[in-house]
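Chemist: Handing you this structure, nothing more for now.
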Amino acid sequence: QIVKAAEPAFAAVVGTKLYGKKISKAKWLSLIPVIGGVCLASLKELDFAVSALIAACTANVFAAFKANENAKVMAAPGLKDRLGSVGNQFALTTILAFLMSIPVVVLKGEPWSGFVQLWKTNPVVRFNVLASGLWFYGYNELATMTIKKTSAVTQSVANTAKRVIVIVGVAIVMGESLNPLKLAGCAIGIGGVFLYSVIDQLLAKK
């Protein structure tokens with residue numbers, strides 16, 4: 001969670017260095033409380049592993065490229081008209097991602113027989129696979145719509161805020177107590193997201 005909280009910074013660096021996007025200095029600075037808040041909220045659950053660090057950083061890089069490429073496609077003359085809508089674009093992206101994942105699964109030699117047997121015999125697995133797939137698809141399509149309305153960095157900031165909401169939501173559902181450090185981290189993270197969304201307007205009025 002802590003490494004993934006840095007996703008907005010990755011998106012900002014990739015966007016400015018490779019895609020020519022402009023981000024104000026104030027917005028760069030407002031990323032600090034967003035990332036720091038999630039770090040504080042996750043601190044008690046810190047379990048460091050180099051492999052997890054590398055995987056999370058790699059995921060951040062891919063997420064940054066995905067967001068910026070989506071934004072680029074949605075602004076490309078002619079192409080955006082042929083795609084028709086954000087929903088169509090996301091559906092096409094998902095289909096391509098699925099097809100590209102098949103060779104990886106085959107190369108890793110993942111056993112399908114065990115999953116197929118579990119699918120046939122366990123209704124809970126069937127429900128959870130379908131439900132999580134639908135929810136995840138809807139969440140990512142909404143994220144793509146957010147990119148169209150705002151920017152890749154703003155979408156990453158919202159995605160980071162989601163981690164704070166997940167921490168609080170899970171604690172409420174599971175009946176867990178939130179210690180002061182976690183509450184402070186959540187408050188700072190959410191406050192940072194709000195600051196990021198309004199900082200340029202606030203400075204423009206001065």
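No lab work stands behind these numbers, since they all come straight from the coordinates. On a predicted model such as this, the values are computed, not experimentally measured, just so you know. Positions of Cβ are backbone-derived with ideal geometry, glycine not excepted, and every protein chain shown enters the neighbour counts.
Chemist: Per residue of the stretch 117-127, what does 6.51 cos²θ - 1.76 cosθ + 1.60 with θ = phi - 60° give for ³J(HN,Hα)? Whole Hz please, x for Gly and Pro, Karplus curve as stated.
Modeler: 5, 5, 4, 6, 9, 10, x, 5, 4, 4, 5
Chemist: Hey, what's the Kirkwood Rh for the stretch 76-152 if you take every pair of different alpha carbons, in angstrom?
Modeler: Computed over the stretch 76-152, the radius equals 15.1 Å.
Chemist: With the dipole of the chain worked out from charges on the C-beta (+1 for Lys and Arg, -1 for Asp and Glu) around the Cα centre, which of ILE95, TRP112, PHE65 lies farthest toward the positive end?
Modeler: The listed residue farthest towards the positive side: PHE65.
Chemist: Can you give the Rg to Rh ratio for the chain, taking only C-alpha atoms and Rh from Kirkwood?
Modeler: For the chain, the value is 1.01.
Chemist: Sorted by average packing, counted as other Cβ atoms within 10 angstrom per residue and highest first, what order do 181-189, 139-147 take?
Modeler: 181-189, 139-147
Chemist: Set Lys and Arg Cβ to +1 and Asp and Glu Cβ to -1, take the dipole of the chain about its Cα centre, and tell me which of LEU130, ILE54, VAL193 lies farthest positive.
Modeler: Final value for the positive-end residue is VAL193.
Chemist: Find the Rg to Rh ratio for the stretch 82-202, where Rh is the Kirkwood radius over alpha-carbon pairs and Rg uses the same atoms.
Modeler: 1.07
Chemist: Relative contact order for the chain using alpha-carbon pairs under 8 Å, separation at least 6, rounded to a whole percent?
Modeler: 45 percent
Chemist: Here is a follow-up. What is the magnitude of the charge dipole of the chain about its Cα centre, with +1 placed on the Cβ of each Lys and Arg, -1 on the Cβ of each Asp and Glu, and no other charges, expressed in debye to the nearest 20?
Modeler: Value, rounded to 20: 620 debye.
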